[in-house]
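Worksheet for the structure shown next.
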Amino acid sequence: MPDPNELRLDKLEAALDAHGMNLSIFDGYVTALWVMPEVPTDQWMTHVLSREDGESTDVDPALPGVIVDHFNAVGFDLRTEVYNPIYWLDEDGTEMWELWAEGFGRAIAHRPEFMEATMTDEESEAAQALGFMLALAGLALGDEDLAEEITDGDVDELKTHASELLMQGLVELYTARRRANGSDLPRQVTKVGRNDPCSCGSGKKFKNCCGAAG
């Protein structure tokens with residue numbers, strides 16, 4: 001029997017492709033929404049459904065609901081410490097973190113007031129985390145403004161550890177948001193390999209169990 005979560009992601013991926021955004025970019029985008037003050041759904045939904053080439057396309061009436069489902073799934077995974085980013089793999093099996101970072105950077109760029117407030121205290125852990133994540137997004141996007149703090153000598157080192165740095169930054173920013181909201185803090189957000197045993201104890205691989213939701 002097909003896994004309903006895999007079917008959901010397959011449907012979401014196909015629908016997003018029609019709007020010029022792949023699933024990895026979208027996953028990074030909606031994850032960023034969870035580290036910022038609440039953004040009205042209609043605002044970020046408009047950005048997701050807007051094509052970069054300016055062309056209009058018919059929107060599947062079911063698409064907004066599927067998009068919100070994934071947004072909620074990401075929030076649940078962050079709260080329960082099992083969030084696993086959707087990184088595509090290249091031909092060598094190496095994680096392609098760039099697409100996820102691109103989506104994260106796009107979402108943050110739509111909220112300049114969040115960037116300004118977070119970077120006010122440049123020595124804070126949240127500011128440093130956001131700086132690293134935006135720098136990696138800048139490398140992914142080829143945006144020199146976002147990557148301006150990176151020296152040529154740092155590029156290779158950052159790319160080598162990009163997957164870990166992105167998740168470490170996510171932990172710090174998500175923790176800072178929950179602290180600001182007075183919420184109970186997660187101990188950490190764990191990045192589980194998709195072929196690792198699932199932490200729920202089912203005995204299945206993570207990708208075939210809880211990881212099927214994203």
- Item | Pairs where the first residue, in the stretch 12-33, is assigned to a helix (DSSP H, G or I) and the second is charged (D, E, K, R) and open to solvent by 10 Å² or more (accessible area, probe 1.4 Å), C-beta under 6 Å, 6+ apart | Ala15/Asp60; Leu23/Glu13; Ile25/Glu102; Tyr29/Arg106
- Checklist (1) closer than 20 Å to His47 by Cα; (2) out of contact with any Phe, Trp or Tyr (no Cβ under 9 Å at 6 or more places or on another chain); (3) at pLDDT below 90; (4) in a helix (DSSP H, G or I) applied to Asp143, failing item: (4)
- Note on the structure: Only one of Asp17, Asp42 is under 30 Å from Thr118 (Cβ atoms) and open to solvent by 70 Å² or more (accessible area, probe 1.4 Å), namely Asp42
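Condition check: modelled with pLDDT under 90 and among the β-branched types (Val, Ile, Thr). Does Thr46 satisfy that?
Working: modelled with pLDDT under 90: yes; among the β-branched types (Val, Ile, Thr): yes.
Spelling it out, Thr46 is indeed modelled with pLDDT under 90 and among the β-branched types (Val, Ile, Thr).
The values are calculated or read from the model by the stated rules, or taken from the named source; none is laboratory data. Everything numeric in this text was worked out from a predicted model, so none of it was measured. Glycine also receives a Cβ, built like all others from the backbone with ideal geometry; neighbour counts cover every protein chain displayed. Note: areas computed on protein heavy atoms with side chains; ligands, DNA, RNA excluded. Shrake-Rupley method; radii C 1.70, N 1.55, O 1.52, S 1.80 Å.
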